[in-house]
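Engineer: Mind having a look at this structure? Questions to follow.
Bear in mind these aren't lab numbers, they're just calculated from the coordinates by the rules spelled out. Just so it is clear, the model here is predicted, and its values are computed rather than measured. Using ideal geometry, Cβ is built from the backbone for each residue, glycine included, and neighbour counts are taken over all protein chains shown.
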Protein chains: 2
Amino acid sequence: MKNPLLVGRAIRAQLEHEVPQDLPLERDFREDSDYTITDHVQELHRSLCKDPRTLELITSLVSHLHAFARETQLTHAEWTKAVKFLTRAGKESTDYKNEFVLLSDCMGLSALVDEINHPKPPGCTDGCEPGPFYTEDAPTLPSGSSLAKPGTTGESMVFIGSVKNLKGEGIKDATVDVWQADGDGVYDIQYPDREEPNDRGKILANPDGTFSYRGILPTAYPIPSDGPTGELLHALGRHPHRASHIHFTVKAPGYDDLTTALYPSHSPFLGTDPVFATKRSLICQLTEERDPARWAELGFKEGEVRGGRVWVWKYDFVLPTVEQVEQLKRARAQKSKQ
Amino acid sequence: MKNPLLVGRAIRAQLEHEVPQDLPLERDFREDSDYTITDHVQELHRSLCKDPRTLELITSLVSHLHAFARETQLTHAEWTKAVKFLTRAGKESTDYKNEFVLLSDCMGLSALVDEINHPKPPGCTDGCEPGPFYTEDAPTLPSGSSLAKPGTTGESMVFIGSVKNLKGEGIKDATVDVWQADGDGVYDIQYPDREEPNDRGKILANPDGTFSYRGILPTAYPIPSDGPTGELLHALGRHPHRASHIHFTVKAPGYDDLTTALYPSHSPFLGTDPVFATKRSLICQLTEERDPARWAELGFKEGEVRGGRVWVWKYDFVLPTVEQVEQLKRARAQKSKQ
C-alpha cells in the first residue's frame, strides 16, 4: 500500500495506522438490473460494520432513502435544493431553536419516536414531546397552590386533576410537573426581564392521586418559523401555530413517566397542529364558574378574579406501570423485526 | 380568531394577513391502531399542500422516515444523537466541503440520483458524480495535447480514447473535459500556490471521435474525513479513500452529457469506494510502454519521461442520444408511480 504509484501522500501518511480491507467488485450495479447501487451499499456495510445496532440503523436508513429517491425519481435540482436546505438548517440552529428538532416535529417524526419509546396500553393518557420550554427551576408546591404570579396576563383558571392507574385507582406519591404559556401565549423564559419561574411548578399530588392548581388560561402561540422549517411549512400550505395547551410530566414510583399536553376544545389549530401533538383524547371541554362564592372555595382571593369568570379545567391522567410499557416495547421490537 | 382568549399576541399580530384553515380532528392516532401518526401527517398534507410535486416529495419522505423509525424502533437517545449529528454537519460545512453532499455520497444516494437523472441504455458508459474538484478555468486544447505542466509529480501517462454512439460510430464535435489528481493524489486547486490550471483541460476530439492526451498517472486520495461524515464512516468500519481515478465530462451535440470517472485496475479501494463510484465497467487495465522510440511517437519530448516507462490508458466512451435518455426517464417515472 505504500507504493506511491497506488496511493497519494494523504493516504501514505495514514496507512501506518490503518490498512482498510478491500472487497471484490464482483458485479456492476445499475438501475433496472438485479443488483443496484442499494445492494452494493448494503453489501459493503454488511462486510465492514462490526456493531449490530449501527448496521441495523444504516441498513434501514439507506434502504428508505434510496426508495424515496426512486419513488419520486428525485431530480438533481431537488437534491441540490435539499442539500442547501439542510446546510442552512444546521447553520441557523441555536441552543434555543434547533431546526432539525423543528423539522422532525413538523414531519411527525418526534411524535412517532415518543410513541415508540413510551408505548401506552389502551386506556392510558397519550403522550407527546416536551417541547423547548421546560426549565429545571420550577418550584415544588403542594396541591392547591397558585402557579401564576400576581399580574400575569390572562384569564383565571383552576385545573382539577388526578393521577390513576389502569384499574382506576388513585396513584400514591405522584408529582405533576406543569409548564405553560400565559394569556398572551408567552412563556416566562421568553420575557427578557424574567427573575423567577412563573406559570410553572412541580405539584405534589395528594395521597389519593388528586391534585389541583390555580393559574392562567393559556393561549395559542407559533413555533419558530423564521428559518428553513418555517419555509417548509409555508411550501406545504401549513401554519406554525400550536393550539392552546398546558404541558405536563407526571411521575409516580413504579409507573412509566408520562409527558403530555392538554388542549381546551375552544382553541383553533387543533386539527392542524404543526407538531402533531393534539390528539382528540387530549382535548378537554372547559366550563366557566361565574359564582364569586365558588371562587373562594376554589382558592381564589377577594378581587383576584377579573372578567367575571374562572375557567374550570378537569382531567384524570391514567399511567401504565413500567412493566406494562416494557412488555409493549418488547412486543413491538419483535414485530418490527418480522 | 382575534379573540385574545384563543390566540396569543404573536398569532394575533399575524392573523391580519393569514387565516389558516383548520381540519376536524376526527380520530385519535396511535401505534397499533388503524390510524397512526403517519396517516394523520399525510392527511394534513393532502388537505393543505397545493403544489403536486411538493406533496409527492413530502408524502414519500414522511412515509419512509416513519417506516425507518418503526423498523428500527428508534430510541429517543438515537434520535437525539441524529439531531446533534445533522446540526454539526450544517455548522461544519463550508463552500469547499459540504457535509450533506459527503453524507449523500457515502450513503450511495448521490450515485443513485445521478443514475435517475442520467439513465443509460445497456452498452453505454456508466456515469458518476463530478465531485468537488471541477473548475471552469481549464484550457480548451486539441487532441494530443499535454495536460500536465513540466515538473508535475508522478509517472508519465498517455490516455487514448474515443467517443462513440451505441451503433459503434465515432461521434462528431465531441469535447472531453478532463480533471484529475497528480501522482501525489492532489488536485491543482489544493496547492496554495496554484497560478494556473494543471492536470485538467477541455479536449476537442477529432472528427471521428478519437482523442488522446499526455499527462500524469493519478493516485488515490481520501475524501474529507475530519467532520461528521468521517465519524460515520469510522463507525461503519469504512475508510475515506477513493481509488485512483480520472474525471471526465464528455459532451456532443444530440447526445446526453456523460460525467464519469475511470479507474486503473492496479488501484486499491476499488471494492470499498466511499462514494460508490467504482463500477467494474469503469475499471481499465493499463499497459506499460518501455520503448523510448514509441514515447516520441506518443508525443513525449526527449528526456520528458522519467522512470523508464509510459503508462498507456485506453478507453472508448459510449454515449446515448438525448432522445434515448428521455425515453428511459419517462419509462422510469411511469414505473415509479405504479
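Engineer: Evaluate the distance, in nm, between pseudo-label points positioned 7 Å from the Cα of B:Asp193 and of A:Glu288 along their respective Cα→Cβ axes.
Structural biologist: 8.4 nm
Engineer: For the residue pair A:Thr175 and B:Glu78, what label-to-label distance in nm results when each label sits 7 Å from Cα along the Cα-to-beta-carbon direction?
Structural biologist: Here the modelled spin labels are 3.1 nm apart.
Engineer: What list do you get for B:His241, B:His266 if you sort them by fewest beta carbons within 10 Å?
Structural biologist: Taking fewest neighbouring Cβ atoms as first place, the list is B:His266, B:His241.
Engineer: Helix-only estimate, please: 222 nm mean residue ellipticity of chain B, summing -39500 (n - 2.57) across DSSP H runs of length 4 or more and dividing by its residues, to the nearest 500.
Structural biologist: -9000 deg cm²/dmol
Engineer: Straight-line reach from B:Lys301: which aspartates and glutamates fall under 14 Å, measuring Cα to Cα and dropping same-chain residues less than 8 apart?
Structural biologist: The reachable aspartates and glutamates, counting only those whose Cα sits under 14 Å from B:Lys301, are B:Asp291.
Engineer: Near the amide H of A:Arg242, under 5 Å away, which other amide H atoms are found, from residues 5 or more places off or on another chain, if H is placed in the peptide plane?
Structural biologist: Under 5 Å from the amide H of A:Arg242: A:Tyr221, A:Ile223.
Engineer: Counting other beta carbons within 10 Å of each Cβ, put A:Asp199, B:Asp114, B:Asp51, B:Asp95 in order, fewest first.
Structural biologist: B:Asp95, B:Asp51, B:Asp114, A:Asp199
Engineer: Under a 5 Å amide H to amide H cut-off, with H placed in plane at 1.01 Å, what residues pair with B:Leu141 once short-range neighbours are removed?
Structural biologist: Residues meeting the criterion, in which the H sits 1.01 Å from N, are B:Lys202, B:Ile203, B:Leu204.
Engineer: Tabulate in residue order the Karplus-calculated ³J(HN,Hα) for the stretch A:89-100, using 6.51 cos²θ - 1.76 cosθ + 1.60 with θ = phi - 60°, rounded to whole Hz; enter x for Gly and Pro.
Structural biologist: Taking θ as phi minus 60°, the curve returns 4, x, 5, 8, 6, 10, 4, 9, 8, 8, 5, 6 Hz for the stretch A:89-100.
Engineer: Taking beta carbons within 10 Å but only from partner chains, what does the mean come to for residues B:258-268?
Structural biologist: Per residue, the number of nearby Cβ atoms from other chains is 2 on average.
Engineer: Something else now. Can you say what percent of the DSSP beta bridges in the stretch A:106-327, counting only those with both residues inside, are antiparallel? Round to 5.
Structural biologist: Around 70 percent of the beta bridges assigned by DSSP in the stretch A:106-327 are antiparallel ones.
Engineer: With a ≥ b ≥ c the root eigenvalues of the C-alpha gyration tensor of the stretch B:269-308, is it rounded (a/c under 1.5), prolate (a/b larger than b/c) or oblate?
Structural biologist: prolate
Engineer: I've got another one for you. Dipole of the stretch A:20-72 (Lys/Arg Cβ +1, Asp/Glu Cβ -1, origin at the Cα centre): which of A:Ser33, A:Cys49, A:His66 lies farthest to the positive side?
Structural biologist: Going by the Cα projections, it comes out as A:Cys49.
Engineer: Here is a further query. Using θ = phi - 60° and the Karplus form 6.51 cos²θ - 1.76 cosθ + 1.60, what ³J(HN,Hα) does each residue of the stretch A:154-170 get, whole Hz, x for Gly and Pro?
Structural biologist: Result, rounded to whole Hz: x, 9, 5, 9, 10, 10, 10, x, 8, 10, 10, 9, 5, 7, x, 7, x.
Engineer: Please list, in order along the stretch B:263-271, the HN-Hα scalar couplings obtained from phi with the Karplus expression 6.51 cos²θ - 1.76 cosθ + 1.60 (θ = phi - 60°), rounded to whole Hz, x for Gly and Pro.
Structural biologist: Each residue's phi maps through the Karplus curve to give 10, x, 5, 7, 6, x, 6, 5, x Hz.
Engineer: Follow-up question, since we're still on this one. Rounded to the nearest 5, what % of DSSP beta bridges with both residues in the protein assembly as shown are antiparallel?
Structural biologist: Counting DSSP beta bridges with both partners in the protein assembly as shown, the antiparallel share is about 65 percent.
Engineer: May I pose another question? Here are some pairs, A:Lys329/B:Lys84; A:Lys84/A:Lys335; A:Lys81/A:Lys279; A:Lys84/B:Lys81; which of them have Cα atoms lying more than 28 Å apart in this structure?
Structural biologist: Listed pairs above 28 Å: A:Lys84/A:Lys335; A:Lys81/A:Lys279.
Engineer: Taking H placed 1.01 Å from N in the peptide plane, check which residues at least 5 places from A:Ile216 or on another chain put their amide H under 5 Å from its amide H.
Structural biologist: A:Met157
Engineer: Let me ask you something else. Mind checking the mean number of beta-carbon atoms from other chains within 10 Å of the Cβ atoms in A:54-62?
Structural biologist: 5
Engineer: Work out the count of Lys pairs in the stretch A:89-228 where the Cα-Cα distance is under 28 Å, with the pair 8 or more places apart or on different chains.
Structural biologist: Close lysine pairs under the 28 Å cut-off: 11.
Engineer: Take A:Asp32 and A:Ala333, extend 7 Å from each Cα along the Cα→Cβ direction, and tell me the distance between the two endpoints in nm.
Structural biologist: It is 4.4 nm.
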